[in-house]
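Working notes, beginning with the structure itself.
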Amino acid sequence: MSRAQKDNMPEFTYTARLQDGSTRTGTVTAASKVTAINSLRSRQMQPLIVQEVKKRSFNIDIKLPGSKSIKTRDMVVFTRQFSVMVSAGVPILRSLTILKEQSESPAFKKVLETVTADVQGGGSLSSSLAKHPEVFNTIYINMVKAGEAGGILDKVLNRLAFQQEKDAALRGKIRSAMVYPAVIAGVTAIAFFVLMTFIVPKIGTILTEMSSTAELPIYTRGLLAASNTMKQPLFILSVLLVLPVLFVLFRKYIKSKNGRYRWHSLLLKIPIIKVIITKTAIARFARIFASLMGAGVSIVSALQTTSGAIGNAVIEKELLAASDALEGGSQLSAELQKSKHFPPIVSQMVAVGEETGQTDTVVLKVAEFYEEEVDTAVSSLSSVIEPVMIVVLGGMVGLIAISVFGPITQLSTSGG
C-alpha cells in the first residue's frame with residue numbers, strides 16, 4: 001500500500017481492554033471500522049469503543065444565540081458508550097475520564113469534568129449527575145440510582161440510551177410533520193401582505209378612477225380600506241412591536257402552572273391535535289415507565305417520575321392522582337381505567353402485566369404499539385393540513401380577485 005493511499009484512509013480512535021485487565025486509548029488507521037477492530041484484536045486487545053475521526057472541512061458551523069450546545073445525540077452516544085465500558089468491567093471513574101476526553105461538545109465535556117471530579121471525591125454517580133439537572137433529567141438520575149443500588153448499571157444505561165433514541169425519534173417525526181404546514185402558512189402570510197400592500201393599492205387607484213359615478217361594492221371598499229391601513233408605516237411598526245411582545249407574554253403565561261394547564265386542556269379539545277398529543281403521551285409514558293420498572297424503581301416512584309416527562313399537564317395530573325391512589329393500596333390498571341385519556345387497551349394490558357408479574361415487559365409492548373400509532377397519526381395530520389392550507393391560500397387570493405376584478409367587470413360592462 002502506497003503512502004498516499006494510507007494517508008487517504010480514515011483514522012479511528014479506540015478504547016480497548018488489554019489482557020492484564022487495563023485499558024488503553026489511541027488511534028489506528030484502517031480501511032473501515034471492521035478492519036480497525038480486527039487490527040486491534042490481532043494485537044491481543046479487546047475493542048470497547050471504536051469511532052471514526054471526523055475530518056475537518058471548510059464548512060462554517062454557525063450557532064444561533066440561545067441554541068442548545070448539548071444535543072440529544074451527545075447524550076445518547078455518551079450513555080451508550082458508558083454502558084459498553086461499564087459492562088466490560090472498566091471502573092466508573094476511568095470510564096468517565098475516557099468519555100470526557102472523547103466528547104466533541106465543549107459544553108458537555110465541561111459537565112463531565114465536574115461529574116468526574118465529584119465521583120473522584122467520593123460521591124455516587126447519581127448524586128454527581130443530579131448536580132446538572134439541565135443535562136441529566138429526573139428520569140436519567142432515578143434510573144442510574146436504581147442501577148447503582150441493584151448492581152445493574154450497565155443494563156440501566158443501555159435502557160436509557162435506547163429510550164433516548166426512541167424519544168428523540170418521536171419528537172423528530174412530529175417536528176418534521178409540522179415543517180410543511182409552517183412553510184405553507186408563512187408563504188400564505190407573505191403572499192397576502194404583498195398583494196395587500198403592493199398590488200391592491202395600484203388596482204384600487206384604477207377602480208377609483210373608473211367608478212367616479214358609481215359606488216364600489218362594500219366588500220371592495222373594505223378591502224381597499226384594509227390595504228390602505230396595511231400600507232401605513234405606523235401599522236407595520238405596530239405589528240413588528242406588538243407581535244413579539246404578545247408572543248413573549250404568551251410563552252410566559254403557558255410556562256406558569258395555571259397557564260400551562262389551561263393551554264394543555266385547550267389542545268386536548270382540538271380533534272386532530274388531541275389524538276396526536278394523547279398517543280404521544282401514552283407512548284412516552286409506557287416507554288419511560290417500563291424503563292424505570294425494569295431498572296428496579298418502585299411503581300409509585302416510577303409513576304411520579306414518569307408523570308413529569310409526559311409533556312401534558314392534564315395527563316400529568318391524572319398520573320399523579322394515580323400514584324397517590326397506589327400508595328393507598330390501589331392497582332395501576334384500576335387507576336388507568338378511570339382516566340379520560342388512556343384508552344381501555346392500556347389498562348387491560350397493564351392488568352395482564354400485574355397478574356403475570358411482568359408489568360415492565362407488557363408496558364413496553366404498549367409503548368411499541370403507540371409509537372406506531374403516533375407515526376400513523378402524524379401522517380394523517382400532514383395529509384389533512386396540506387389541503388386545508390391550500391384552500392385557505394386559494395380562498396384569500398380568490399377573495400382579493402373577486403373584490404378587485406368583479407367591480408372592474410361590472411364597470412366595463414355598464415360603460416362606467
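Throughout, read-outs are computed from the coordinates displayed, never taken from laboratory work. Computed from a prediction, not measured in an experiment: that's the story for all the values here. Please note: Cβ atoms are built from the backbone with ideal geometry, for glycine as well, and neighbour counts cover all protein chains shown.
Computed quantities for the displayed model
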| quantity | calculated |
| --- | --- |
| Nearest 10 degrees, 0 to 90: helix 153-194 Cα axis against the chain principal axis | 10 |
| Among (i) 57; (ii) 63; (iii) 67, the entry derived from the coordinates for percent of Cα pairs over 27 Å apart | (iii) |
| Between 0 and 90°, nearest 10: helix 271-294 axis offset from the chain longest Cα axis | 10 |
| Net charge over other residues, Cβ less than 12 angstrom from the Cβ of Val34 (K, R count +1; D, E count -1) | +1 |
| Shape parameters for segment 315-416, alpha-carbon atoms, Rg then Dmax in Å | 27.1, 87 |
| Segment 74-136: Cα Rg divided by the 2.2 N^0.38 Å rule of thumb | 1.01 |
| Entries of Lys166/Lys269; Lys317/Lys338; Lys71/Lys252 with Cα pairs more than 20 Å apart | Lys166/Lys269; Lys71/Lys252 |
| Proxy reagent accessibility, fewest Cβ within 10 Å first, across Glu354, Glu371 | Glu354, Glu371 |
| Residues whose placed amide H lies under 5 Å from that of Thr23, excluding near-sequence neighbours | Leu18 |
| Sequence-distant lysines (8 or more away, or on other chains) whose Cα lies within less than 17 Å of Lys231 | Lys202 |
| Highest average packing first - 158-165, 240-247, Cβ atoms within 10 Å | 158-165, 240-247 |
| Structure-based [θ]222 nm, the chain - -39500 (n - 2.57) summed over DSSP H runs of at least 4, per residue, nearest 500 | -24000 deg cm²/dmol |
| The chain: relative contact order as a whole-number percent, Cα under 8 Å and 6+ apart | 14 |
| For Ala290, net neighbour charge (Lys/Arg +1, Asp/Glu -1) across residues whose Cβ lies under 15 Å away | 0 |
